[in-house]
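Just below is one structure, and these are the notes that go with it.
Computed from the coordinates by the stated procedures, all read-outs in this text should not be read as laboratory data. Bear in mind that the values here come from a model prediction, so they are computed numbers and not experimental data. Positions of Cβ are generated from backbone atoms using ideal geometry, with glycine treated the same way; all protein chains shown enter the neighbour counts.
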Amino acid sequence: MTDSVAPPSDPSPASPVMQHALTVMLPLVTWLLRSGVGHGEFAAALKPVFLKAAQQELLRIQGKPTDSALSLLSGLHRKDVRALAPTLGAPDAAARLGKPTPASQVATRWLAGDLPETLPVAGPAPSFETLARSVSTDFHPRAVLQELLRLGVAEEADGRVRLLKSAFVPDARHEETRGLVAGSVADHLAAGVHNLTSGEPRQFLEQSVFADGLSAESARALEKLATELWQEVLASMVKAAVPLCEKDEGAGGDHRVRLGMFCYSAPMDGAAPAMPTDDEEDSPP
């Protein structure tokens, strides 16, 4: 194999792939701006990401990851490739994003296991203690409970624990929430990119249903239905995954699976803003 790689045939903004990529980037840029991250800072942070992706692509096509090949494929200057090369062997942070913690696994099994919303802290099943130990014996149930309390997902009173969320969605102020979102979106996009570019017969599930011309009330009704359907999917997947994980982990299983579902609604492009109702017009500010 040679170490030369042909550059993209059309890197201009007019490239269809570039346009699609920019569409994907818009909500990400919105998140960055709302978090105080500007273009310059993000552009600099992208350099090692492009280099890492170039290295992975060269490995995929069995090319030699020389400085020249990495520079040509990534579009980075050779001096940047040399400066960033030591970081390529570092652990991949993206692979850890959104990885389920014992607390999230307990909350997931609680939601999917047809358990009461409130459980006694200790005692025989059903209790929080037995639920936590069914997930892991490496962490004391009290430590797992403290983490759920910290995240605002549960509350404790009079020797009982109550689950506060209809899904494991920690407070937005916590790093766990950002990690869950980043890991989920990254895997969703990775599935689509694999289907579009890998050339392999294996295709991942990556589909959605779209409806427009709806009233705001109809959109909210569909959002509610989506949440109800997700509860069914969640319960089915956890029921199937738990025995498989218990069987495979002891045998050195090295694969992971993430199944996600999302629902989003917004005014259609070009639609006029919703007008206030008579009640809203008469209400005080």
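Structural remarks
- Packing-based order for 189-199, 105-115, 121-131, using average beta carbon neighbours within 10 Å, highest first: 105-115, 121-131, 189-199
- Spin-label model distance (nm) - T177 vs M25, 7 Å beyond Cα toward Cβ: 2.7 nm
- Cβ-to-Cβ counts within 10 Å put D212, D254 in ascending order as D254, D212, the fewest first.
- Region 210-254, dipole about Cα centre (Lys/Arg Cβ +1, Asp/Glu Cβ -1), debye to the nearest 20: 140 debye
- Net length gained if the chain between L259 and S198 were fully extended (0.36 nm per residue, minus Cα distance): 19.9 nm
- Efficiency of FRET between L115 and A266 - r from beta-carbon atoms, R0 41 angstrom, step 0.05: 0.70
- Counted over all Cα-Cα pairs of region 16-90, pairs farther apart than 22 Å make up 34 percent.
- Model label zone, L205; criterion: amide N under 17 Å from point 7 Å along Cα-to-beta-carbon; scope region 216-237: 226-237
- Spin-label pair A83-S236: with each label point 7 Å from Cα along the Cα-Cβ axis, the two points sit 5.1 nm from one another.
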